[in-house]
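Participant: Quick one: the structure is below, and I'll ask about it shortly.
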Amino acid sequence: MRVAVTGATGLVGRFVVKELSDRGCEVSALARSPERTQGFEECVGSIEWHYGDMADEDSLRSLLANCDGLIHAAFDHIPDRFRGGEGNDPTRFWERNHGGTIRCIEIARHAAVERVVLFSSRAVFDGLKFVDAELHDDVRPRPNTHYGLLKYTNEQLASLYDDTVICSLRPTGIYGLTWPCERTKWWSLLANHFSGHGNSSLDSSSRTEVHGGDVACAAFILLQASEASVRGRAFNCSDIVVSDQWLVELVRRILQDGASLYPDNLPSPPTPQNTMDCSRLRSLGWNPGGFHRLWKTLIEIVDRAGLSDVYKSG
């Protein structure tokens, strides 16, 4: 299978490219420049790079030529902001992102790409307040940011095209070791805390997360699943509940007791409201890594960030 990936050098795109490469796919990947393509050494030989952006039709035609599927992960926003990613220019934000998505789908259709997976977000549900039950996939979204509304609007594009199977994936917060390591979620939180430079009052509020590798696996499943099971549908993608306070305590136990001592006696954070039910995705065979994958990731961060040395010296 040959799969095109937009946003290939972004947070989620890097996980997607690795997943596809590991599964033996040919990857046609879009990047803005060659300088952005570092960190893919494990995938050398399976990636064909194309350079441009979502406004560049020639780059998109080159990207999508002879592809069976498209995973659209590109998202133009101000640095380190998803919600609020429009900054002071929401018009440009919509033109670049929604316009770019339509442009990409149109070119994919003309290239006879059979399956398109659009990356959406749990932000489509942000306007639903104080919901005690889990939100299943067919709950009507109620976004309250440009980001959430953009993603929900992109989801609706699936109903416009009969000749291409389009579906959407709604990940919650995404964690996992990435390139460069310093961009990894919680890296700064943990490094600063255990070096004594962090905020002494850690946030105890709960939120949901999913590993980037599990998100990439979900996207691949949507490429492979039957047309009837995915056409026009959006799939919730969430796994575990965390808080900053809880994560720091987990790392403290790794540093004190060692990675092999599993913390069975540490209570999990309370479940937040508006969590997403992922039974539709699980029915297709998706099985995320849960706490075990989180534990492994925290051990990797401890090792890569040298936190053991910092902790001992402190």
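The values are calculated or read from the model by the stated rules, or taken from the named source; none is laboratory data. The shown structure was predicted, so the numbers you read here are calculated from the model rather than taken from an experiment. Reconstructed Cβ throughout: ideal geometry from the backbone, glycine too, with neighbour counts over all protein chains shown. For accessibility, only protein heavy atoms count, side chains too; no ligands or nucleic acids. Shrake-Rupley method; radii C 1.70, N 1.55, O 1.52, S 1.80 Å.
Participant: Carbon and sulfur together cover what percent of the accessible area of segment 30-125 at a 1.4 Å probe radius? Can you show the working numbers first?
Facilitator: Numbers: 2110 of 4740 Å².
That share works out to 45 percent.
Participant: Would you please classify the overall shape of segment 113-241 from the alpha carbon gyration tensor, given that a ≥ b ≥ c denote the square roots of the eigenvalues, rounded means a/c under 1.5, and beyond that prolate means a/b larger than b/c while oblate covers the rest?
Facilitator: Values: a/c = 2.62, a/b = 1.72, b/c = 1.52.
Prolate, because a/c is 1.5 or more and a/b exceeds b/c.
Participant: What are the ³J(HN,Hα) values, in whole Hz, obtained from phi via the Karplus relation 6.51 cos²θ - 1.76 cosθ + 1.60 with θ = phi - 60°, for each residue of segment 273-285 in sequence order, with x given for Gly and Pro?
Facilitator: 6, 6, 6, 9, 7, 10, 5, 5, 5, 5, 5, 8, x
Participant: Thr271 versus Leu202, label points 7 Å from Cα toward the beta carbon: distance in nm?
Facilitator: 2.4
Participant: Hey, what's segment 266-310 come to in accessible area per residue, 1.4 Å probe, Å²? Numbers along the way, then the final one.
Facilitator: On the way: 2280 Å² over 45 residues.
With the other protein chains kept in place, segment 266-310 gives 51 Å² per residue.
Participant: When a/c reaches 1.5 or more, the comparison of a/b and b/c decides; with that in mind, is segment 1-117 rounded, prolate or oblate per its Cα gyration tensor?
Facilitator: The shape class here is oblate.
Participant: Calculated FRET efficiency, Gln245 and Arg140, Cβ-Cβ r, R0 45 Å, to nearest 0.05? Please list the in-between numbers first.
Facilitator: Details: r = 34 Å, r/R0 = 0.74.
For R0 = 45 Å, the calculated efficiency reads 0.85.
Participant: Can you pull the percent of segment 215-282's accessible area that's carbon plus sulfur, 1.4 Å probe, other chains left in place? Could the numbers behind the result be given before it?
Facilitator: Details: 1270 of 2880 Å².
Here carbon and sulfur together make up 44 percent of the probe-accessible area.
Participant: Under the rule of at least 5 residues apart or a separate chain, name every residue whose amide H is placed under 5 Å from the amide H of Val116.
Facilitator: Leu70, Val165, Ile166, Cys167
Participant: Of the options Gly87, Cys181, Ser195, report the single residue whose Cα projects farthest towards the positive end of the charge dipole of segment 54-201 (beta-carbon charges: Lys, Arg +1; Asp, Glu -1).
Facilitator: Going by the charge dipole, the pick is Ser195.
Participant: Still on this structure: As a test of the formula, what do you get for the chain when each DSSP H run with n ≥ 4 contributes -39,500 (n - 2.57) and the sum is divided by the residue count, at 222 nm and rounded to the nearest 500 deg cm²/dmol? Don't skip to the end; give the middle numbers.
Facilitator: Values: 11 runs with 117 residues, N = 314.
-11000 deg cm²/dmol, from helical runs alone.
Participant: If the chain between Glu114 and Ala65 were fully stretched, how many nm would it gain, using 0.36 nm times the residue separation less the Cα-Cα distance?
Facilitator: Working: separation 49, 0.36 × 49 = 17.64 nm, distance 1.20 nm.
Contour length minus Cα-Cα distance gives 16.4 nm.
Participant: From the protein chains alone at 1.4 Å, what is the descending order of accessible area for Val241, Val248, largest first?
Facilitator: On the way: Val241 30, Val248 0 Å².
Result of the area sort, largest leading: Val241, Val248.
Participant: For segment 290-297, in order, what is each residue's ³J(HN,Hα) by Karplus, 6.51 cos²θ - 1.76 cosθ + 1.60 with θ = phi - 60°, in whole Hz (x at glycine and Pro)?
Facilitator: These are the phi-based 3J(HN,Hα) values: x, 5, 4, 6, 4, 4, 4, 5 Hz.
Participant: Longer than 20 Å from Cα to Cα, which of Lys151/Lys296; Lys151/Lys185; Lys18/Lys296 are they? Say none if no pair is. Intermediate results must be reported in sequence, preceding the final value.
Facilitator: Numbers: Lys151/Lys296 31 Å; Lys151/Lys185 22 Å; Lys18/Lys296 18 Å.
Exceeds cut-off: Lys151/Lys296; Lys151/Lys185.
Participant: Which of the peptides 210-222, 12-24, 147-159 is most tightly packed, and how do the rest follow, going by the mean number of other Cβ atoms within 10 Å of each residue?
Facilitator: Details: 210-222: 24.5, 12-24: 21.6, 147-159: 19.8.
In decreasing order of mean packing, 210-222, 12-24, 147-159 become 210-222, 12-24, 147-159.
Participant: Relative contact order of the chain, please, whole-number percent, based on alpha carbon pairs below 8 angstrom and at least 6 residues apart. Show your work: numbers first, answer last.
Facilitator: Numbers: 568 pairs, mean separation 54.1, N = 314.
Reported as a whole number, the value is 17 percent.
Participant: Pop the C-beta distance of Arg36 and Glu300 into the FRET formula with R0 = 25 Å and round what comes out to the nearest 0.05. Walk me through the numbers before you get to the answer.
Facilitator: On the way: r = 23 Å, r/R0 = 0.92.
Approximately 0.60, to the nearest 0.05.
Participant: Still on this structure, I have one more. Taking amide H positions as placed in the peptide plane 1.01 Å from N, state which residues far from Cys237 in sequence (5 or more) or on other chains have amide H under 5 Å from it.
Facilitator: Counting only residues 5 or more places away or on other chains, the set is Arg170, Thr172.
Participant: Taking semi-axes √(5λ) of the Cα gyration tensor in Å as the quantity of interest, determine which of (1) 33, 22, 19; (2) 28, 26, 20; (3) 32, 26, 18 was computed from the displayed structure.
Facilitator: Given (1) 33, 22, 19; (2) 28, 26, 20; (3) 32, 26, 18, the calculated one carries the label (1).
Participant: Roughly what would the spin-label model give for Ser283 and Glu106, points 7 Å off Cα along C-beta, in nm?
Facilitator: Each label point is offset 7 Å from its Cα along the Cβ direction, giving 3.5 nm.
Participant: Once the other residues with Cβ under 9 Å from the Cβ of Thr172 are scored (Lys, Arg +1; Asp, Glu -1), what is the net sum?
Facilitator: On the way: positive: Arg122, Arg170, Arg207; negative: Glu209, Asp239.
Counting the neighbours of Thr172, the net charge comes to +1.
Participant: Further question: Return the distance in nm (one decimal) between the two label points of a simple spin-label model at Ser188 and Gln224, each offset 7 Å from Cα along Cα→Cβ.
Facilitator: 3.7
Participant: With +1 on the Cβ of every Lys and Arg and -1 on the Cβ of every Asp and Glu, and nothing else charged, how large is the dipole of the chain about its Cα centre, in debye rounded to the nearest 20?
Facilitator: Charge dipole of the chain: 360 debye, to the nearest 20.
Participant: Using +1 on the beta carbon of Lys and Arg, -1 on that of Asp and Glu, and nothing else charged, what's the dipole of segment 202-314 about the Cα centre, debye to 20?
Facilitator: Working: 11 positive and 13 negative charges, 59 e Å.
Using only the charged Cβ atoms, the result is roughly 280 debye.
Participant: Considering amide H positions built from the backbone, and no H for Pro or chain starts, which residues 5 or more places from Asp126, or on another chain, come under 5 Å of its amide H?
Facilitator: Amide H neighbours of Asp126, under 5 Å, 5+ apart: Arg142, Asn144.
Participant: Which FRET efficiency, nearest 0.05, do His292 and Trp179 yield, Cβ-Cβ r, R0 25 Å? Write out the running numbers ahead of the final one.
Facilitator: Values: r = 23 Å, r/R0 = 0.92.
Calculated transfer efficiency: 0.60.
Participant: What order do Thr271, Thr164 take when sorted by accessible area (1.4 Å probe), most exposed first?
Facilitator: On the way: Thr271 105, Thr164 5 Å².
From most accessible down to least: Thr271, Thr164.
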